1. If a residue must be within 14 Å of chain A (Cβ to nearest Cβ) and open to solvent by less than 40 Å² (accessible area, probe 1.4 Å), how many such residues does segment B:12-35 contain?
2. What's the total number of residues in segment B:161-189 that are over 25 Å from residue B:19 (Cβ atoms), open to solvent by less than 50 Å² (accessible area, probe 1.4 Å) and in contact with a helix residue (DSSP H, G or I) (Cβ under 7 Å, 6 or more places away or on another chain)?
3. Going through A:166, A:198, A:140 one at a time, which residue ends up being among the polar types (S, T, N, Q), touching an Asp or Glu at 6+ places or on another chain (Cβ under 9 Å) and farther than 30 Å from residue A:28 by Cβ?
4. Assess whether residue B:129 counts as being more than 24 Å from the chain's Cα centre (by Cα) and either crowded, with 16+ Cβ neighbours inside 10 Å or modelled with pLDDT of 95 or more (or both).
5. From the list B:38, B:53, B:80, exactly one residue is open to solvent by less than 60 Å² (accessible area, probe 1.4 Å), of a type in the set (A, V, I, L, M) and in the same structural domain as residue B:132 (by TED's automatic domain parsing). Which is it?
6. From the list A:102, A:134, which one is surrounded by 13 or more Cβ atoms within 10 Å (Cβ to Cβ), closer than 19 Å to residue A:194 by Cα, among the acidic types (Asp, Glu) and touching a helix residue (DSSP H, G or I) at 6+ places or on another chain (Cβ under 7 Å)?
7. So, in segment A:143-171, exactly how many residues are more than 9 Å from every other protein chain (Cβ to nearest Cβ), in contact with a Leu (Cβ under 7 Å, 6 or more places away or on another chain) and more than 30 Å from residue B:82 (Cα to Cα)?
8. In segment B:125-154, how many residues are out of contact with any helix residue (DSSP H, G or I) (no Cβ under 9 Å at 6 or more places or on another chain) and at the interface with chain A (Cβ under 7 Å from one of its Cβ atoms)?
Amino acid sequence: MQAVDLQTPASVLRVLRGDPATRPTVDRALAGGLRAWLEDGIYDVSKGETRERPLILRSNLETPRELVSIESSSTAQLRGVLVSYVLRLACAQFNFDDPYRDALSAWRAEESSGTLATAYEQLGADERARLGADVNAHASTLLGHLGAVQPQWNVRIHQQTSQRLSGGNVLLRDVVDLRLGSSATTRASVALFDITTSPLSARMESTLRFHALVETLRTNTPPLRVATLSSATGEFWNIDVTPDLLVLALDDVLDVVEQRWTLS
Amino acid sequence: MSTLRHERLGTSVLAALIQRAPKDVSTLSDEHRGALDARLRALAGKSTRRLDAWSVEHAGLSNGSFAWRPTTARRAIGNAALRRHVLAPSLTLRDCVNLEIDDLLMKSVTGYARGGSLAEWLAKSSPAVVALATSEAWSWANSVFELASSSGVPWEMAPTDAYYDVAQARTSLRGRRDFLATTGNRRVVVRVRAGSPGKSAGPGLRSDLVIDALSNSSGVVASRFIGAWPDAGVFLYVDGSFGDVRMGARDLVRTALAQERQQRELAA
């Protein structure tokens, strides 16, 4: 188990970047080994069978049933989406007037239709006002701790990635709210950051591990660290990526592949 | 036989793909152009048509109605910012994106933006939407810059996408290209796309290879055309052999035929 930093720093981004002098050298051979290990593990489960549709795994590998109804309510999803837009706008050094209104305007420009857009349209005036107050409260926590984004940090926002395994039988899909750093350097510099509007739970650790694994497989370069901030509680978890952590992530994925191979 | 190949993303992979591109360079003659033009003219309909890699990959289906959004604007703004950054490396990429946005807004204010253009859309958007477009474009520019820099060879941004109009066929071809690496008479073109490649990504890449060659006044075919999907960590590439050019041209003609059939079915 990795140590997590529970103290929320004044600048989350500064912590993510850390001290460049202490960054470890990138082990580029690790990704190949992990991929081979994953492929072998999946083959043991599939016995060489080909699926009609790929088994798609996302960062919330195992969502406990009791949390599904709370987390997937459209208002909670809207809040999560809007707070993620606050982060995207903050990266452009945007001067917020009303974070809720600003994020809403940006989100509607990007997504004018879809399930969530419909859900928003169906909200009454009271519900919208509550959502606005809620988003502004979360945005206040986020903006209070984020810190300034420096232009040389090679920022990517809302990075949507995927990795095909076992000839396309298994598809790992991931979304990271913010990625800093470059995978082309000899010392690890990539930091992955998620903002969540839920309190942090043990489940978040496997989510962070998943982010690290997909990034490693995608770029052949293990990231430096993965982190998450809860805008609900102000908790901040910052985990350094090590080979052990990636092996844990790999075990998580193989466990879920084994559970779900015949079910879906 | 196609030369389409696949590689995983890695720090030295792009450098190897560029440096090991074939030394022999093919050139399209007037006869080659004439043959393609004649086939497309034979399929000319009443309305104008545009063929690109997307339509080839989707069997001639229309891309639907296009609308500017921060994510559809990011490549245009991001690539323009990269061109600016290459010329003035002292400016950060974020500065360059901000300057590009300022230029576009200025174009609209001074009345030089045409209806439906990126400049007009930006000018009509709220400050939050402009900020999101800035973030998206900066993100895109960082992604392309990291990829291009990792190649370890001299590179330049493509001045524009490739365009080729086929006279009397009401057909225009558009090929995407993001950056180029040129050594001697060899030209390697890299096209960056979001998401992951689908099953018909190969034909799409070959059509971009052909359109790039057609748009070249001397008809010189790129010695290698590389498709990069950084989100999926994948490169696909084709060499500029006549075999691949021929296959790419056939795919374009097939797509034009599929579009013509769809239009006829709609009219019936």
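The values are calculated or read from the model by the stated rules, or taken from the named source; none is laboratory data. Quick caveat, the model's predicted, so the values are computed rather than measured. All Cβ positions, glycine included, derive from the backbone under ideal geometry; neighbour counts span all protein chains shown. Accessible surface is based on the protein model in full, side chains and every heavy atom, while ligands, DNA and RNA are left aside. Shrake-Rupley method; radii C 1.70, N 1.55, O 1.52, S 1.80 Å.
1. Of the residues in segment B:12-35, 4 are within 14 Å of chain A (Cβ to nearest Cβ) and open to solvent by less than 40 Å² (accessible area, probe 1.4 Å).
2. Of the residues in that region, 5 qualify.
3. A:198
4. Against the criterion (more than 24 Å from the chain's Cα centre (by Cα) and either crowded, with 16+ Cβ neighbours inside 10 Å or modelled with pLDDT of 95 or more (or both)), residue B:129 qualifies.
5. B:80
6. Numbers: A:102 fails: closer than 19 Å to residue A:194 by Cα.
From the options A:102, A:134, the qualifying one is A:134.
7. Looking only at that region, the number is 4.
8. Of all residues in segment B:125-154, those out of contact with any helix residue (DSSP H, G or I) (no Cβ under 9 Å at 6 or more places or on another chain) come to B:146, B:149, B:154.
Among the residues that remain, those that are also at the interface with chain A (Cβ under 7 Å from one of its Cβ atoms) are: B:146, B:149.
Summing the residues that are out of contact with any helix residue (DSSP H, G or I) (no Cβ under 9 Å at 6 or more places or on another chain) and at the interface with chain A (Cβ under 7 Å from one of its Cβ atoms) in segment B:125-154 gives 2.
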